[in-house]
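Written out below as structure tokens is the structure these notes cover.
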Amino acid sequence: MTRYVIVGGGILGLAVAHRLRTERPRDTVAVLEKESGWAAHQTGHNSGVIHAGVYYRPGSLKASLCRAGSASMVRFCAEQGLPYEVCGKLIVATEPAELPRLHALHERAVDNGLPVTLVDPIEAAEYEPHVAAVAALRVASTGIVDFGAVCRRLAELLADSGAELRLRTRVTGIRARPGELVVRTDAGEVTGDVLVNCAGLHADRLARLAGIDPPARIVPFRGEYHELVPQRRHLVRGLIYPVPDPQFPFLGVHLTRTVDRTVHAGPNAVLATAREGYSWRRFDPRDVWEQVGYSGLRALARRHYRYGLTEMARSLSRRRFAASLARLVPELTGSDIVPAGAGVRAQAVRPDGTLLDDFLIVEADRQVHVLNAPSPAATSSFEIARHIVDRLPVDR
């Protein structure tokens, strides 16, 4: 019998635990989460999109695991009776200068084996009558879901299967001793044979606690959302995205209908002043000191400071935020949107300032550390779990 200890109660940690309990029922699984509930951070603050896998480099983990994960997520929701919809989306070029990037994205999507179609303005209007497009890419397999509901169901299934689920359990240390790992927490010690680190915003810190020198550091970027006021929701039928800038891992401000029929607008991307910095008011001196002292962030800032200033201005001005949306749907104005919370993206940055554009999973003796798993990790969670579990030792 093997004892697995998973740190992190977001969708990825719960998916890994579920995979282990399904495939290795004789083994024990403990999930440790420092918050009082599941999906408290990245999972519970995203836009609820089941991504198809359009944007990712063919052959990368993101490309392969997102495409498979999209199908796995839909299948799980259908089996468990959870709300979801495969509604498709439009990626919209609003000016001729964006057409080369749109065509390159189309080629990438085809290389990734996705059902996509280039459409002209008249065809785009059949999907989204209020959109402004010189051309668009229709992605049929994109969907929407409540990832928080997925996590709650996973926790129920894990509890029924006999997994040990420990909320309010913060990891404070990790050490190896002959034959086992000891995970110290503020609620006592937990012993196991294999550790899986799915700690998201704190994954690099947890790796260092375990004696691993991570090749990149987590830099938190806050993504702020608005939503359309009820009387303007009819302007968006499904999902409307801009053509992304390939220099950045962020998709740009977009419009997303959710399973509860609201329409979210966003997110932007600003450097957060805390790893759990969901507003400008949240300031953590330790987090800021680490960021300022990190060569990777300094190099990133030198390279992209103009982009950062633009995002900051949009964060502080509803008018600017609305203007970004109006490029996609010209009828939208500042009076049509209201604030709707924020999320924080755990983005891994190398010491030279390079943003990691793929999932990063580091293996060590009896340890697996997921060190970069931002979007589309929620979509891909069941397949990332499969990828991890297939590599875990079976016997002590």
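The values are calculated or read from the model by the stated rules, or taken from the named source; none is laboratory data. In this text, all values refer to a predicted model and were calculated from it rather than measured experimentally. Cβ sites come from the backbone with ideal geometry, for glycine too, and all protein chains shown count toward neighbours. Each accessible area value is taken on the protein alone, full model and side chains, heavy atoms only, with ligands, DNA and RNA left out. Shrake-Rupley method; radii C 1.70, N 1.55, O 1.52, S 1.80 Å.
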**OP:** Name the residues whose placed amide hydrogens come within less than 5 Å of the amide hydrogen of Leu332, ignoring near sequence neighbours (fewer than 5 apart) on the same chain.
**Re:** none
Original post:
Rolling a 1.4 angstrom probe over the protein heavy atoms, how many square angstrom per residue are accessible across the chain?
Top reply: 42 Å²
**OP:** Measure off, as a whole percent, the carbon and sulfur share of the 1.4 Å-probe accessible area of the chain, all protein chains present.
**Re:** 52 percent
Original post:
222 nm [θ] for the chain, helices only, -39500 (n - 2.57) per DSSP H run of 4+, per residue, to 500?
Top reply: -10000 deg cm²/dmol
**OP:** At 0.36 nm per residue, minus the direct Cα-Cα distance, what do Tyr307 and Arg57 gain on full extension? Give it in nm, one decimal, please.
**Re:** 87.7 nm
Subject >> the stretch 217-370 - percent relative contact order, Cα under 8 Å, separation 6 or more >> reply: 32 percent
Subject >> Enclosed volume per residue, in Å³, of the convex hull spanned by Cα atoms of the chain >> reply: 133 Å³
Subject >> Charge dipole (the stretch 145-193, unit charges on Cβ, about Cα centre) - positive-most of Phe147, Val182, Ser161 >> reply: Val182
Original post:
Can you run phi through the Karplus equation (6.51, -1.76, 1.60; θ = phi - 60°) for the stretch 44-57 and list ³J(HN,Hα) in whole Hz, with x for Gly and Pro?
Top reply: x, 10, 9, 8, x, 9, 8, 6, 7, x, 5, 7, 9, 4
**OP:** Could you check the simple spin-label distance between Thr22 and Ser36, using points 7 Å along Cα→Cβ, in nm with one decimal?
**Re:** 3.2 nm
Original post:
For the stretch 286-396, what is the relative contact order in percent, using Cα pairs closer than 8 Å and at least 6 residues apart in sequence?
Top reply: 21 percent
Original post:
Going through the stretch 19-95, which trypsin sites (Lys or Arg not before Pro) have at most 10 other Cβ atoms within 10 Å and a DSSP loop state?
Top reply: Arg26
Original post:
Using a 1.4 angstrom probe and counting only protein chains, how large is the accessible area of Arg208 in Å², to 10?
Top reply: 90 Å²
Original post:
Percent relative contact order of the chain, based on C-alpha pairs within less than 8 angstrom and at least six residues apart?
Top reply: 23 percent
Original post:
Where does the charge balance sit around Val182 when Lys and Arg score +1, Asp and Glu -1, over other residues with C-beta under 9 Å from its C-beta?
Top reply: +1
Subject >> For the stretch 222-229, Karplus couplings with θ = phi - 60° (6.51, -1.76, 1.60), whole Hz, Gly/Pro x >> reply: 7, x, 9, 10, 10, 9, 6, 5
**OP:** Determine, for each peptide in 43-56, 1-14, the mean count of other beta carbons within 10 angstrom over its residues, then list the peptides with the highest first.
**Re:** 1-14, 43-56
**OP:** Have a look at the stretch 52-104 and give its Rg and Dmax from the Cα atoms, expressed in angstrom.
**Re:** 14.8, 45
**OP:** Please give the FRET efficiency for Arg177 paired with Ala364, using the beta carbon to beta carbon distance and R0 = 25 Å, rounded to the nearest 0.05.
**Re:** 0.95
Original post:
What list of ³J(HN,Hα) couplings, whole Hz, do you get for the stretch 324-339 from phi and the Karplus terms 6.51, -1.76, 1.60, once you set θ to phi - 60° and write x for glycine and proline?
Top reply: 5, 5, 5, 5, 8, 10, x, 6, 7, 10, x, 6, 8, 10, 9, x
